[in-house]
Amino acid sequence: MKEVFGVEEFETAFYYDGNDLGSVYTKEATHFRVWAPTASRVLLHLYKEGAGDNLITSIDMKKDVGGTWYYKAFGDLDGVYYTYLVTVGGVTQEAVDIYARAVGVNGMRGMVVDLKKTNPLGWAEDKPPLCRSMTDAIIYELHIRDLSSDIESGILHKGKYLGLTEKGTVNSEGLSTGLSHLIELGITHLHLLPAFDYSSVDEAAADTGEFNWGYDPENYNVPEGSYSTNPYRGEVRIREFKEMVHALHNNNISVVMDVVYNHTAKTIDSNFNKIVPDYYYRKEGDRFSNGSGCGNETASERVMVRKFIVDSVVYWATEYKIDGFRFDLMALHDIDTMNQVREALDKVRPNILIYGEGWTGGHTPLPMSKRALKINASSLNNIALFSDDMRDGIKGSVFAAWERGFVNGRWEMEETIKFGIVASTEHTEINYSKVNYSHAPWAASPTQTINYASAHDNLSLWDKLSSSNKEDSILTRIQMNKLASAIILTAQGIPFFQAGEEILRSKVKEDGTFDHNSYKSSDFVNSIKWGTKGEAIEVYNYYKGLIAFRKAHPSLRMKTTKEIQERLTFIRGLDANVVAFWIRKDIESKSERKTHSLPLDLYVCKSTQMGAKDDREIFVIHNANRYEVEVDLPAGSWDVYIDGEKAGLEALYTIGEVAVISPISALVLVKS
Ligand code: CA
């Protein structure tokens, strides 16, 4: 059978392009439609509950157009659970609708849902905060449990969606935690680790503290149940997820979902495979290929797989008003699929963020030229990729705890840092042969690069510095951490950091060692320790100041490569381990560069998300040496806004002619 899949005749004959797959609810009737072109029979089972022996009825579905099976059930079915019994080649298996919008406990059955009833108060008026460019985003990567599970969070709904709706929470020292912490910090985008229904955590035992990152997809179009207050009733997790989004939007924070369409938790017995055996996955001979490293990989190049991915993100962006998507192992998806995702989301709202990992998790049969790889970025339309060049160049490889980078003492990293500063784009003043990984620019535009020093994978930034620089004092390591953040937050492109980096987050296991892969570790390891915020308050204030400064200066968020080439110049003739650049005035700022025009009648950019605009010239110096250095300044006087100690919107002091930069620190100047 598998030879048929992917053949053009099959793809054309059995393509279904309707928008009614799944169960479509109205008060009078519910329409069920499932794509199962190889099935000889499909039965619809209706149940009272999401689990257990409570079948209401079993109904034969009718074969319909484009390989689909259809049934119209009269009556109000809101809250009725359902499955499909699909017979292929004489084998009958019970599956959950892959388009299910609600499910019962542990996602074992779909549920018909009246989505209107799940909208929280004020939802119709909820307007996602929008900005003029993807480079305006400042992304904070968070696991839902981590924000609230610590006792010191002061949050009532620990580990839940609702924990993100609680404002005004504090730790025992009275310092803000949770949502209020995020608002004060000033991030624009909250990136949530997988929050669609995944399979690893037993939702029936969610309060026993089971933890998982959630990269094991079960039901793609449904929120995960363990973060809800009631995983048994399908509508509860939907409403609570929306309440979370609404609370964040009300505070000018956009929401990004981490999506994992590249593989499913189960393979042979997944819902995909029970409904249309072998269609959804790539195979090599009889074996499921395993480019994800998790047992299988989906075949995005097939029309109905591609449609599923596009339909799914559009659904989240419309029904849940999601503002961005981070694609896990994006290079397992083909370029056409990713560009269709872009096109479809652009029709929902402008500037929905799309970014992903430009690599795979193992060998894939998808040809190199078709993969959404970092090196193929220029074929991806307005889609960003993580810069592992910057990530490792700044503090050493994620695969070698001992290895150092620019901020913590490795020599000859200047060109790598410069490459990150121009967001991996083309710039005549960079010697690409000296960049750590990429020996040519890979981003066509600064909107294509995510610059970062830490993420959920690998050691936290603080643990990395503690591992690579054991002999250095805590104060020295703090200077390294601050320099790393100053580099990321004054670079072009899109800055990103792991939750808690701003308070020196550490993930220490019960045995005292650092956890570099805490995907199923306990809350004890993973939680953000709010009790440590006070000790790290100077670092926290520094991040806060850097973020405010970035938001105030559009020159740090340029939209095109051409603009960076015209305005950003690197300073030559500096000491080793020093990088400096000068951003000159935007001569075209009055005429406003037109790259993305927003339909402002639909969604107005909330200016409060970015703050007042400061267009003055900027001069930035990063000194990674353990001694102070001097750098000649362009003529005129310069106000210091950021140095090794402080960062913010107030000028600290004014200098001219020569800048003196303290050991391991940044100096950021604005023309007086
Ligand atoms: Ca689940």
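Highest mean first, how do 506-516, 13-23 rank when packing is the count of other Cβ atoms within 10 Å averaged over residues?
Working: 506-516: 14.4, 13-23: 15.9.
Output ranking for 506-516, 13-23: 13-23, 506-516.
Between residue 428 and residue 319, the modelled labels are 5.3 nm apart [label points 7 Å from Cα along Cα→Cβ].
What the Kirkwood sum gives for region 501-554 is a hydrodynamic radius of 12.8 Å, with every pair of different alpha carbons counted. Ranked from largest, the principal axis spans of the Cα set of the chain equal 83, 55, 52 Å.
Okay, helix-only estimate at 222 nm for the chain: each DSSP H run of n ≥ 4 adds -39500 (n - 2.57), divide by all residues, round to 500 deg cm²/dmol; what do you get?
Working: 14 runs with 139 residues, N = 672.
The helix contribution divided over the chain gives -6000 deg cm²/dmol.
Report the calculated FRET efficiency for residue 626 and residue 437 (r = Cβ-Cβ distance, R0 = 30 Å), to the nearest 0.05. With R0 = 30 Å, the Cβ-Cβ based efficiency is 0.70.
With N residues in region 72-145, what two-decimal value do you get for its Cα radius of gyration over 2.2 N^0.38 Å? The partial results should precede the final answer.
On the way: Rg = 19.1 Å, N = 74, 2.2 N^0.38 = 11.3 Å.
With N residues counted in region 72-145, Rg over 2.2 N^0.38 Å equals 1.70.
Relative to the longest principal axis of the Cα atoms of the chain, helix 234-250 runs at roughly 20 degrees. For residue 533, a cut-off of 14 angstrom between C-alpha atoms picks up these aspartates and glutamates, skipping any fewer than 8 places away in its own chain: 150, 152, 173, 184, 501, 502.
What's the ranking of 660-672, 563-575 by average number of surrounding C-beta atoms within 10 Å, highest first? Intermediate results must be reported in sequence, preceding the final value.
Values: 660-672: 20.6, 563-575: 15.9.
The most tightly packed comes first, giving 660-672, 563-575.
Partners of residue 551 within straight-line reach, counting aspartates and glutamates whose Cα lies under 13 Å from its Cα and excluding those fewer than 8 residues away in the same chain: 136, 614, 615. Which angle from 0 to 90°, rounded to the nearest 10, does the C-alpha axis of helix 537-552 make with the longest principal axis of the chain? For 537-552 against the chain, the angle is about 80 degrees.
Other residues lying with their Cβ under 15 Å from the Cβ of residue 143 contribute a combined charge of -4, Lys and Arg counting +1, Asp and Glu -1.
With 10 Å bins beginning at zero, the pair-distance distribution over Cα atoms of region 608-669 amounts to 21, 52, 22, 5 %.
Classify region 169-210: rounded, prolate or oblate, from the alpha-carbon gyration tensor (a ≥ b ≥ c, eigenvalue square roots; a/c under 1.5 rounded; otherwise prolate if a/b is larger than b/c)? Cα axes put region 169-210 in the oblate bin.
Phi-derived couplings, Karplus 6.51 cos²θ - 1.76 cosθ + 1.60 at θ = phi - 60°, listed residue by residue for region 171-178: 8, 5, 8, x, 8, 5, 10, x Hz, with x used for Gly and Pro.
Remark: the chain carries a charge dipole of roughly 940 debye about the Cα centre, counting +1 on each Lys and Arg Cβ and -1 on each Asp and Glu Cβ.
Percent of accessible area on region 56-159 owned by carbon and sulfur, 1.4 Å probe? Before the final figure, lay out each step's value.
Details: 2240 of 3880 Å².
Roughly 58 percent of what the probe reaches on region 56-159 is carbon or sulfur.
Straight-line cross-link reach from residue 27 at under 20 Å between alpha-carbon atoms covers these aspartates and glutamates, not counting any fewer than eight positions away in the same chain: 49, 76, 78, 114, 235, 319.
Computed from Cα positions, the angle between helix 474-489 and the longest principal axis of the chain comes to roughly 70 degrees. Within the shell of other residues whose beta carbon sits under 13 angstrom from the beta carbon of residue 652, the net charge comes to -3, with Lys and Arg scored +1 and Asp and Glu -1. How big is the gap, in Å, between the Cα center of region 99-169 and the Cα center of region 432-450? Here the two parts' Cα centres lie 34 Å apart. Put the Cα centre of region 229-262 next to the Cα centre of region 517-540 and the gap is 23 Å. Derived value for region 249-382: Kirkwood hydrodynamic radius 15.2 Å. Basis is the mean of 1/r over every pair of different alpha-carbon atoms. Surface composition of region 357-512: carbon plus sulfur atoms contribute 53% of the solvent-accessible area (1.4 Å probe, protein chains only, all chains present). Under 5 Å between amide hydrogens, built in the peptide plane, is the criterion, and for residue 254 it picks out 189, 190 among residues at least 5 positions away or on other chains. Surface exposure of the chain, expressed per residue as accessible area with a 1.4 Å probe, stands at 36 Å².
The values are calculated or read from the model by the stated rules, or taken from the named source; none is laboratory data. All of these numbers come straight from a predicted model, not from anything done at the bench. All Cβ positions, even for glycine, are placed from backbone atoms using ideal geometry, and neighbour counts span all protein chains on display. Side chains are part of the model used for accessible areas, which takes the heavy atoms of the whole protein and leaves out ligands, DNA and RNA. Shrake-Rupley method; radii C 1.70, N 1.55, O 1.52, S 1.80 Å.
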